[in-house]
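Below is one structure, written out as C-alpha cells, with a few remarks after it.
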Amino acid sequence: MPGRSGKKISLKDIAREVGVSVALVSYVLNNRFENRINKDVAEKIRATAQRLHYQPNQIAKSLKTNKTFTIGLIVADISNPFSSSLARIIEDEGAKYGYTVIFGSSDEDLVKFENLTNAFINRQVDGLILLPPSGSEPVLIRLKEMRFPFVIADRYFPKLEAHCVNVDNLKAAYDAVSLFIEHHKKAIGLINYKTDLAHLNDRTKGYQQALKDAGISINKNWIRKVDISNDAPEIEKAVAALLTPPSVNAILFASNRIAVHALKYLEQQQINIPGDIELIGFDENEVFDFTKPQLSFIRQPMQHLGQTATELLMDVIAQTQKEQLIFIAAELVKRGSTND
C-alpha cells in the first residue's frame with residue numbers, strides 16, 4: 001500500500017521521519033544486529049514503518065538474496081481435514097521464517113502432481129514440501145538431479161533417498177490392533193487403500209504384525225482394499241463383506257475418509273457399536289465428534305509433522321542438512337467405539 005500521497009514509502013522516508021540512517025532502518029526491519037540496536041529506537045522505526053504503511057520491495061529483496069521467500073506445498077486433497085490442517089500449520093511455520101506458502105492439490109494424480117511441481121519451480125519458489133502420489137519417483141529423482149530443495153511429508157519412498165518426515169504408521173496400526181486384542185477381539189478386519197504408497201502399506205504391516213505377535217492367524221478375507229478415490233459404494237461393499245459370516249468383531253479403518261463412509265453404512269445397518277463390533281479410525285475428522293458412540297482414532301501429530309517438515313526445508317534451502325528419514329509417533333485416542 002502506498003503512503004497517503006500515493007508515493008511508495010521507502011527506507012529513506014522512514015529514516016528521515018525517525019532521524020536515523022537508512023542502514024539502521026534496514027537492520028531493524030530485516031531483524032539484523034538486534035542485540036546492538038537500542039530497543040526504543042528499533043520500536044520507533046517499526047512503529048513509523050507501520051504508520052506510513054511501508055511495504056518491502058520483494059523484487060529488490062529477491063535480486064539481492066537470490067530468493068523469492070516462497071514455498072510450494074502440494075497436498076493430496078486440500079478439502080481433506082488432514083491436508084487442510086497440515087497446510088495451515090506449514091503456512092504458519094513458514095511465516096515465522098518470512099516465507100509465504102503457495103498451495104496445490106494433486107488429487108493423488110501423477111500428471112497433476114508433476115504439472116504443479118513444474119508450475120511452482122517456474123514461479124521460482126525457494127523450496128517444496130510434497131505429499132507425492134503413487135508413482136511419483138521419477139519426478140522426485142528429477143528434483144534431486146536439479147538439486148532443488150524439497151522435503152517429503154507424511155509419506156516416503158523406500159528406494160529413494162530424500163528428506164522425509166513421517167508418522168510411524170506401522171506402530172500406530174500395531175497399537176490399534178493390540179487394543180482390540182486386549183479387548184479379547186480375534187476376528188479383526190482392516191479396510192485400506194489399493195496402493196503402493198509405503199506409508200499406507202505400513203498400516204497393513206502393523207495390523208499383520210500385531211496379529212502375528214498375538215498368535216492370531218491372518219485371514220486374508222478380513223483385509224479389504226478399496227480405490228484411493230474414496231468411492232462410497234466400494235467402501236460400503238468392503239464393510240458388508242467384513243460383516244458377512246464368519247464376520248469380524250473389530251475393524252481398523254486406514255483413513256478418515258474410509259471411516260466416514262463406513263460409519264454411515266454401519267448406522268444404516270443398525271449395527272451395535274461397540275457391542276457387536278469395535279472400531280478405530282486413522283486421522284481426526286469433525287464427523288467423528290458427532291457419531292454415537294464417538295469413534296476411537298489414531299491422532300497424527302500434525303503440529304509436530306508440519307513444524308518438522310518446515311524446519312527441515314529451511315535447513316535444506318540453507319544447504320545445512322543431509323538427507324534423512326524422520327518418523328514421529330502417533331497417539332491412540334480411545335473413545336466410545338472401543339470398550340474399556
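Scanning the stretch 220-263 for residues that are of a type in the set (Lys, Arg) and touching a residue at least 12 places away in the same chain (Cβ under 8 Å), which turns out farthest from THR338 (Cα to Cα)?
In the first step, residues of the stretch 220-263 are kept if they are of a type in the set (Lys, Arg); the result is 220, 224-225, 237, 257.
Imposing the further condition that a residue be touching a residue at least 12 places away in the same chain (Cβ under 8 Å) reduces the set to 224-225, 257.
Working: ARG224: 21, LYS225: 23, ARG257: 19 Å.
Checked the stretch 220-263; the qualifying residue farthest from THR338 (Cα to Cα) is LYS225.
Could you list, in sequence order, all residues of the stretch 93-114 that are part of a helix (DSSP H, G or I) and either loosely packed, with under 14 Cβ neighbours inside 10 Å or touching a residue at least 24 places away in the same chain (Cβ under 8 Å) (or both)? GLU93, GLY94, ALA95, LYS96, LEU110, VAL111, PHE113, GLU114, listed by residue number.
Out of all the residues in the stretch 293-340, which are aromatic (Phe, Trp, Tyr) and either free of Cβ contacts under 8 Å to residues at least 12 places away in the same chain or surrounded by fewer than 21 Cβ atoms within 10 Å (Cβ to Cβ) (or both)?
Going through the stretch 293-340, the residues aromatic (Phe, Trp, Tyr) turn out to be 297, 327.
Across the stretch 293-340, the qualifying residue is only PHE327.
Residue count for the stretch 136-160 satisfying the condition of being in a loop (DSSP other than H, G, I, E, B) and surrounded by 13 or more Cβ atoms within 10 Å (Cβ to Cβ): 8.
Just to be sure, is TYR174 among the hydroxyl-bearing types (Ser, Thr, Tyr), touching a helix residue (DSSP H, G or I) at 6+ places or on another chain (Cβ under 6 Å), touching a residue at least 40 places away in the same chain (Cβ under 8 Å) and outside any strand (DSSP E or B)? Even if it seems obvious, please write down each step before you answer.
Working: among the hydroxyl-bearing types (Ser, Thr, Tyr): yes; touching a helix residue (DSSP H, G or I) at 6+ places or on another chain (Cβ under 6 Å): yes; touching a residue at least 40 places away in the same chain (Cβ under 8 Å): no; outside any strand (DSSP E or B): yes.
For TYR174, the condition - among the hydroxyl-bearing types (Ser, Thr, Tyr), touching a helix residue (DSSP H, G or I) at 6+ places or on another chain (Cβ under 6 Å), touching a residue at least 40 places away in the same chain (Cβ under 8 Å) and outside any strand (DSSP E or B) - is not met.
With respect to ARG36, determine if the residue is farther than 29 Å from PRO301 by Cβ, charged (D, E, K, R) and modelled with pLDDT under 85.
On the way: farther than 29 Å from PRO301 by Cβ: yes; charged (D, E, K, R): yes; modelled with pLDDT under 85: yes.
Here the answer is yes, as ARG36 does meet what is asked.
What is the residue count in the stretch 133-161 for residues that are in contact (Cβ under 8 Å) with a residue 40 or more places away in the chain and under 17 Å from the mean Cα position of the chain (by Cα)? The number of residues fulfilling the criteria is 9.
Condition check for LEU305 on (1) in a loop (DSSP other than H, G, I, E, B); (2) of a type outside the set (Gly, Ala, Ser); (3) modelled with pLDDT of 95 or more: one failure, at (1).
Would you say LYS171 is closer than 27 Å to PHE282 by Cα, among the basic types (Lys, Arg) and modelled with pLDDT of 95 or more?
Numbers: closer than 27 Å to PHE282 by Cα: yes; among the basic types (Lys, Arg): yes; modelled with pLDDT of 95 or more: yes.
Yes; evaluated as a whole, the condition is true for this residue.
Among what's in the stretch 230-258 and is outside any helix (DSSP H, G or I) and within 27 Å of the chain's Cα centre (by Cα), pick the residue that is modelled with the lowest pLDDT.
Just the residues of the stretch 230-258 that are outside any helix (DSSP H, G or I), to begin with: 230-231, 244-255.
Going one step further and asking which of them are within 27 Å of the chain's Cα centre (by Cα), we end up with 230-231, 251-255.
Values: ASN230: 74, ASP231: 84, ILE251: 98, LEU252: 98, PHE253: 97, ALA254: 96, SER255: 92.
By that ranking, first place goes to ASN230.
The values are calculated or read from the model by the stated rules, or taken from the named source; none is laboratory data. Keep in mind it's a predicted model, so treat the numbers as computed, not measured. Using ideal geometry, Cβ is built from the backbone for each residue, glycine included, and neighbour counts are taken over all protein chains shown.
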